[in-house]
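The numbers here are math on the coordinates, done by the rules we state, and not lab data. Because the structure is a prediction, the values reported are computed rather than measured. Cβ coordinates were reconstructed from backbone atoms using ideal geometry, including for glycine residues, and neighbour counts include every protein chain displayed.
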Amino acid sequence: MLSAASRQAGARQSTGREVSAVAHDDRRLRVLRAIVQDYVSTNDPVGSKALAARYDLGVSPATIRNDMAVLEEEGYIAQPHTSAGRVPTDKGYRFFVDRLSTVKPLSAAERRAIEKFLDGAVDLHHVRGRTVRLLAQLTRQVAVVQYPTLSRSAVRHLELVPLTPSRLLVVLITDTGRVEQRVVETSGEAEVDTVAELRSLLNSAFTGKKLAEASNKVGDVVESAPPHLRPLVAAVSATLLETLVEPSEDRLVIGGTANLARTAALDFPGTMRPLLEALEEQVVVLRLMAEVGPSTVTVHIGEENEHEALSGASVVTVGYGSGDQALGGLGVVGPTRMDYAGNMAAVRAVARYVGQLLAES
């Protein structure tokens, strides 16, 4: 058996090895972070001498070379061709993103710019258009903004506008700012007072109800309506059902596709046509949007994307809305060689402000 002194010495040696391993891991993380940052900014494979010169890593180029060899062996970086420096792999980007201690805050000037730009929006359609342009400008990537999903929306107000004595315009306004309009033909002339009474009846029945819940109540409203209103309620009911039931497809607003062309030959050496087609079809990106939650930024990197068209790209998304409910998603799509910290900050900040606008509208 070992003596107490021997056991203590062995424990000290073991602890020393563990501390050394932790120190090495921490240093290699700094080396990997420096490689990612350098490659993102220069698009040139990174060598040990360049890292030693540009970053205060506190070790010699020889030690950096050893760390790079370990990082390459473990699959975090790769050598694109002989005698070249190293570039991050998808695994390296993922390790880097997962260990971002915090998403860097936007500057006061950037926050003011977001606020000023979005404050000029006059309705939900304008908000979406401005949001996608703003994200594309801030990140220099392709920006995507999902329309608020109707299944998560509630009725804020129903308006009835007489167009002619026998035609009504039905306007549904949701709490997400979405506006749907339909024209209803009535069997007879609708008096102004009758239209006002019907408006009051419908708003009493549907305001605050989720759209799916409201659609289920249409039949009850028809049956319980006062006799003199039933013909008008019956005429409006079919249009109400059509308006309240969610469309079969969500939609995206996309902007900044020209940003892909800036470095297409470098970041998409084969062709970026499949990526452009996926963006145009929208289905692939909408599936990613289905996973978003409020405030939590999600990053899919390269091969992590299930669809082959996105295997050379990264997608940064987050939900927007009020409270803990995401009404839709927004984000950016670009090459894996992107400024993850900056893009994550921009996406999160814009989503917060869009959520505030919807809550106040």
Checklist outcome for this item: Length gained, Glu223-Ser200, 0.36 nm per residue minus C-alpha separation, equals 6.7 nm
Checklist entry - By counting other Cβ atoms within 10 Å of each Cβ, how are Asp339, Asp56 ranked from fewest to most? => result Asp56, Asp339
Next on the checklist: For Lys91, give me every one of the lysines with a C-alpha distance below 29 angstrom, ignoring sequence neighbours fewer than eight places off in its own chain.
Outcome noted: Lys49, Lys104
Checklist entry - How far apart, in nm, are two points set 7 Å out from the Cα along the Cα-to-Cβ line at Asp25 and at Val171? => result 6.1
Checklist entry - In what sequence do Asp25, Asp324, Asp67, Asp90 fall when counting other Cβ within 10 Å, fewest first? => result Asp324, Asp25, Asp90, Asp67
Checklist outcome for this item: Most exposed to least, judged by fewest other Cβ atoms within 10 Å, Val236, Val283, Val144 sort to Val283, Val236, Val144
Item to check | Dimensionless Rg over Rh [segment 151-244; C-alpha; Kirkwood] | outcome: 0.94
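In segment 22-82, how does Rg compare with the Kirkwood Rh, expressed as the Rg/Rh ratio over alpha carbon atoms?
We get a ratio of 0.92 for segment 22-82.
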Checklist entry - Label Ser322 and Val283 with points 7 Å out from Cα along Cα→Cβ: what is the distance between them in nm? => result 3.5
Checklist outcome for this item: Here the chain gives, from Cα atoms, an Rg and Dmax in Å of 28.4, 105
Checklist entry - So how long is each side of segment 194-301 along the principal axes, counting just the alpha-carbon atoms, biggest first, in Å? => result 71, 27, 20
Checklist outcome for this item: In Å, the Kirkwood estimate of hydrodynamic radius for segment 256-340 over Cα pairs equals 13.3
Checklist outcome for this item: Quick calc: nm separation of the 7 Å Cα→Cβ label points for Ser187 and Glu115 -> 5.7
Checklist entry - Taking 0.36 nm per residue of separation and subtracting the Cα-Cα distance, what length does fully extending Ala78 through Thr164 add? => result 23.9 nm
Item to check | In segment 175-218, the GluC sites (Glu not before Pro) that fall in loop regions by DSSP, at most 12 other Cβ within 10 Å | outcome: Glu189, Glu191
